[in-house]
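Heads up: the structure comes next, in structure tokens.
The values are calculated or read from the model by the stated rules, or taken from the named source; none is laboratory data. In this text the structure is predicted, and so the values were computed from the model without any measurement. Methodologically, a virtual Cβ is constructed for each residue, glycine included, from the backbone with ideal geometry; neighbour enumeration extends over all protein chains shown.
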Amino acid sequence: MSEISVQELGEIYDFAVRLGKDAGNLLMDLAKARWGDKGRGEQLVSEKENAVDIVTKADEDVEAFIKSSIEKKYPSHYFVGEETYSKGASREYLIGDEPTWCIDPLDGTVNYTHLFPMFCVSIAFIG
């Protein structure tokens, strides 16, 4: 495992906080567009493995935003996103010794789909 200095870890933390806020703002913009349309706006929901494990276009869009932001800032870091991982055939353990970001872009998808305002972005860094 590569050593990360306290200073680097502080910079990563600051980046993660800013990224979480930016991704959260994106989620809120998408939700507000649906609320303004009384929930009739485009939702695009599909099932992952069963009817209670769903993914929305917002999940995918926010994950893509987070992933591209991380790749620009830290191109050597690995990325595990809930939505891209769940679409893959592999169920192998994906966390190794490399600096890795684990993301749930829309934690609370069911609440989001029902316009219940209890959802968030989850970002973890494993260094």
Scanning the range 21-36 residue by residue, the ones that are exposed (fewer than 12 other Cβ atoms within 10 Å of the Cβ) and within 13 Å of PRO105 (Cα to Cα) total 2
Would you mention how many residues in the range 18-42 are in a helix (DSSP H, G or I) and modelled with pLDDT under 80?
-> 3
Yes or no: PHE15 modelled with pLDDT of 95 or more, aromatic (Phe, Trp, Tyr) and out of contact with any Phe, Trp or Tyr (no Cβ under 9 Å at 6 or more places or on another chain)?
-> no
Pairing a residue in the range 2-13 that is touching a residue at least 60 places away in the same chain (Cβ under 8 Å) with any residue that is of a type outside the set (Phe, Trp, Tyr) and not in a loop (DSSP other than H, G, I, E, B), where Cβ atoms lie under 8 Å and the two sit 6 or more apart in sequence or on different chains, gives ILE4/ILE12
